[in-house]
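Have a look at the structure below before the remarks.
The values are calculated or read from the model by the stated rules, or taken from the named source; none is laboratory data. What you see is a predicted model, and the numbers here were worked out from it, not measured in a lab. Glycine gets a Cβ as well: all are built from the backbone with ideal geometry, and neighbour counts include every protein chain shown. Each accessible area value is taken on the protein alone, full model and side chains, heavy atoms only, with ligands, DNA and RNA left out. Shrake-Rupley method; radii C 1.70, N 1.55, O 1.52, S 1.80 Å.
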Amino acid sequence: MNKKYYPYVLIAPSVLFLLLFFVYPFLEVFVQAFTSSDGQVGFSNFENIFTDYNFLPSLKNTLLLALVVVPVQLCMAIGMSLMISKMKKGRDTVLYILTIPLGVSDLAAGIIWLAILDQNGFLNSFLFSIGIIDQPESWLNYQNPIIIFAAVVVAEIWRATAILLVILVSGIGLIPKEYYEAAEIFGANSWVRLWKVTLPLLRPSLQTALILRTLLAFEVFAVVMLLGGSNMPVLMGETFNWAFNYQDTGAASAYAVVILALSIVFTLFYLRVLRVPKGARI
Amino acid sequence: MTTITVENIKKSFGDADILKSVSLDIKDQEFTVLLGPSGCGKSTLLRIIAGLESQDSGIIKIGDRVVSHLPPRERNVAMVFQNYAVFPHMTVFENIAFGLRMKKAPEKKIKENVERTAALMHIDHLLKRYSGQLSGGQRQRVAVARALAVEPDVLLMDEPLSNLDALLRLQMRAELKSVLEASKTTTVYVTHDQVEAMSLADRIAVMNSGRIDQYDVPDEIYSNPATEYVGSFIGNPPMNFISPDYQVGTIPAGATQLGIRPEDFNVSKEARDNYWPITVLTREKLGSHQQLSAELNGQLFRVNIPNEIEIESGNTLYLMPKEDKKRWYTEGGKIIL
């Protein structure tokens, strides 16, 4: 066989795989979202979900969750990555330990935090044993929506901060140390160096990390399901409900399209805001 | 008045003693070059003066101020780095303005200084560009302009020309010399290139594994190398060191080596009294003169002779070192004055 075909032949299986199991279902979702149950093409599925009483709360919860979780994670990840980059010994070990939660599935993460916050959980037994409470409290019930929200926030931060961390650590590693030295010589203290050198030069990594993390935040599901159940509807949970509880794939597909639209909007936003002008890269 | 005083600076990394008690007195407005091969400690010394590295012991003074324990930003020094370190996310203007902005200089002064230094370095048409859009030479100019714009007490340069190609290096060298002469800033310049050192320096400190062997004006360094090391490091080809066995006339007490520059021989094609018969091994024509590698009883050495003398490899040539150019060295490699 002619050598120039080798690359195409070698990449063909993965391309086929993607076409079959990603692009085809993806298009299928679009078709279903815009096809009503009686076969008409139009927006009836969207009308269905938009008028559903759970739509606005789930949209609000998802956005609010992303709005709280992502900035907190970003600040934590920046702080942690700066500290890790300064480490001379044991850097890899620390990084491995901090990334362990990434290896835990979100369902398992939800179970872990449920075990902590549940009525019979570790938190209650701890508080009881040191005498702060007299009897186990039910934290995660519908009367405490803020506590449920806070619990999800904490669980999500615990679970997924490390993904920002690894991206930022590698990004910081790419910044030559001469820039810091030059800044130091010309009068910048460490705070100014962070704002004038590190963060601007880290823009490409920040962009990648934020896009990735925000999109994942829009897909939050298992953790919310376990800690909040129906008390805290989110977009992904509603997609699941429509697909499997109400057996309405059209409406579920419409939800999926809404999530996709949100993801695209935010991706474009990050691409725009954290844009690095031509010629201004390292 | 900005003198720099380096007193007994010591520095080691692990087991390696990088600087073994180095002292230097740099005069106001003087251009000092730290010269030496890689690993001799010259960059470390510069970084200690800058405050980027801390000394194990010893004192650095800038003017009358002891700065040894101050962070770089409180030393009022400026530095030009080997790989320029021009911030990629700022325009040329912002790069040059960086130091002034850090000092919270008024906007008017910032604009004035940036424009003045940019014009001086011939980059005034590039102020709106980013460094990614500049060539290496242009980036180097930005780095120098950035350093000059803050009007520092001391200008430190760490092999600023070594990343440029040969022709550009020559041009930048001449330009730097005139710009720095005009700025009258006390300058410390690190290089491993002896030609750069000879052409730029008011005084050269030749460094040899963590020590300064000689600190003097370029002419003295060239004609009276204080040690064998300096003689063999400076000059291309370096000074010849020959055992004095063949020498007629007086040999100073304690002298074990005769140091003589390749161009400091009387040359004859016929045998003469007191001339050494040498065998020519190779001859290289270098345009302005020819360079011979020659041998005398197993000792190799180099001779520069005028183009007029016709000679082939394998021929015998007769040499005598010029009396006033002879330098004598002790067993330990020190010059005998």
Given 20 °C, 1.002 mPa s and a Kirkwood radius over Cα pairs, the Stokes-Einstein diffusion coefficient of the stretch B:127-191 in µm²/s is 171
Projected convex hull area of the stretch A:26-80, Cα atoms, direction-averaged, in nm², equals 5.5
Measure of exposure for B:Trp328: accessible area at 1.4 Å probe, Å² rounded to 10, is 30
proj_area_mean for the stretch B:58-188 (convex hull on C-alpha atoms), units nm², value 8.4
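Determine the dipole magnitude for the stretch B:99-178: charges of +1 sit on the beta-carbon of Lys and Arg, -1 on that of Asp and Glu, nothing else is charged, the reference point is the Cα centre, and the result goes in debye to the nearest 20.
Its charge dipole is roughly 300 debye.
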In order over the stretch A:185-194: 3J(HN,Hα) from phi, Karplus 6.51/-1.76/1.60, θ = phi - 60°, whole Hz, x for each Gly or Pro, gives 4, 8, x, 8, 7, 5, 5, 5, 4, 4
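Assuming a viscosity of 0.692 mPa s and a temperature of 37 °C, what translational diffusion coefficient in µm² per second does Stokes-Einstein assign to the stretch A:167-270, Rh being the Kirkwood radius over Cα pairs? Kindly include the intermediate steps, with their values, before the conclusion.
Working: Rh = 16.7 Å.
Here the translational diffusion coefficient equals 197 µm²/s.
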Taking B:Lys177, A:Lys86, B:Lys10 and ranking on accessible area (1.4 Å, protein atoms only), highest first, one gets A:Lys86, B:Lys10, B:Lys177
Surrounding charge for B:Glu220, neighbours by C-beta under 13 angstrom, Lys/Arg +1, Asp/Glu -1, total -2
Projecting the Cα atoms of A:Gln207, A:Thr249, A:Ala151 onto the charge dipole of the stretch A:147-282, where Lys and Arg contribute +1 and Asp and Glu -1 at Cβ, the residue farthest towards the positive end is A:Gln207
The Cα extents of the stretch A:126-169 along the principal axes, largest first and rounded to whole Å, are 45, 26, 10
Rounded to the angstrom and largest first, Cα extents along the principal axes for the stretch B:72-116 equal 30, 25, 18
With A:Glu184 itself left out, Lys, Arg at +1 and Asp, Glu at -1 over residues whose Cβ is under 13 Å from its Cβ give +2
Those residues in the stretch A:246-282 that give up at least 40 Å² of accessible surface, probe 1.4 Å, once the partner protein chains are present instead of the chain by itself are A:Gly279, A:Ala280
Counting Lys and Arg as +1 and Asp and Glu as -1 over every other residue whose Cβ sits under 12 Å from the Cβ of B:Arg65, the net charge comes to -1
The whole-number value in µm²/s of the Stokes-Einstein translational diffusion coefficient for the stretch B:242-336, with Rh from the Kirkwood sum over alpha carbon pairs at 10 °C and 1.306 mPa s, is 114
Counting only protein heavy atoms and rolling a 1.4 Å probe, one gets per residue an accessible area for the protein assembly as shown in Å² of 50
Taking N as the number of residues in the stretch A:54-273, the ratio of its alpha carbon radius of gyration to 2.2 N^0.38 Å works out to 1.19
Per the stretch B:171-244, sqrt(5λ) over the Cα gyration tensor eigenvalues, sorted largest first, in Å, gives 26, 13, 10
quick shape note, the stretch B:212-279: Cα extents on principal axes in Å, largest first -> 42, 28, 17
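With n ≥ 4 as the cut-off for DSSP H runs, can you work out [θ] at 222 nm for the protein assembly as shown, using -39500 (n - 2.57) per run divided by the number of residues, rounded to the nearest 500?
About -14000 deg cm²/dmol.
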Between the residues B:Trp276, B:Met121, A:Ser85, the Cα farthest towards the positive end of the dipole of the protein assembly as shown, that dipole coming from +1 and -1 charges on the beta-carbon of Lys, Arg, Asp and Glu, is from B:Met121
Interface call, the stretch B:51-82: threshold 20 Å², probe 1.4 Å, accessible heavy-atom surface of protein chains, chain by itself vs complex, result B:Leu52, B:Pro72, B:Arg73, B:Val77, B:Met79, B:Phe81
Computed curve, the protein assembly as shown, Cα-only Debye sum without solvent term, log₁₀ I(q)/I(0) at 0.08, 0.09, 0.11 Å⁻¹, is -0.81, -0.91, -1.10
Reduced to Cα centres, the span from the stretch A:5-29 to the stretch B:104-142 in Å works out to 51
Sorted by chain and then number, the residues having a modelled amide H within less than 5 Å of the amide H of B:Met157, at least 5 places away or on another chain, are B:Val80, B:Val188, B:Tyr189, B:Val190
Interface buried area A-B, accessible surface with 1.4 Å probe, both sides summed, nearest 100 Å², comes to 2100
Per the C-alpha gyration tensor (a ≥ b ≥ c, the square roots of its eigenvalues), the stretch B:1-86 is rounded if a/c is under 1.5, else prolate if a/b beats b/c, else oblate; here it's rounded
per DSSP, antiparallel bridges as share of beta bridges in the protein assembly as shown, % nearest 5, sits at 75
Rounded to the nearest 10 Å², the 1.4 Å probe accessible area of A:Leu215 is 50
So the carbon and sulfur contribution to the accessible area of the protein assembly as shown, 1.4 Å probe, in percent, is 59
In nm², the average projected area of the convex hull spanned by the Cα atoms of the stretch A:1-92 is 13.3
Measure of exposure for A:Leu10: accessible area at 1.4 Å probe, Å² rounded to 10, is 140
If N is the residue count of the stretch A:53-165, its Cα Rg over 2.2 N^0.38 Å rounds to 1.27
Whole-Hz Karplus couplings 3J(HN,Hα) for the stretch B:23-39, θ = phi - 60° and coefficients 6.51, -1.76, 1.60, Gly and Pro as x, run 10, 8, 10, 9, 7, 4, 6, 7, 9, 9, 10, 8, 10, x, x, 5, x
Phi-derived 3J(HN,Hα) across the stretch B:82-87 with the Karplus relation (6.51, -1.76, 1.60, θ = phi - 60°), rounded Hz, x for Gly and Pro, is 4, 9, 6, 6, 7, 4
Out of A:Val68, A:Ala108, A:Tyr96 - ranked by how far each Cα lies towards the positive end of the dipole of the stretch A:54-273, with unit charges on the beta-carbon of charged residues - the top one is A:Tyr96
Largest first and rounded to whole Å, the semi-axes √(5λ) derived from the alpha carbon gyration tensor of chain B read 45, 24, 15
Here the residues of the stretch A:257-271 lying in the modelled label zone of B:Gln133, meaning backbone nitrogen under 19 Å from a point 7 Å along Cα-to-Cβ, are none
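Quick one: order A:Asp118, B:Asp158 from most to least accessible surface, probe 1.4 Å.
In descending accessible area the options line up as A:Asp118, B:Asp158.
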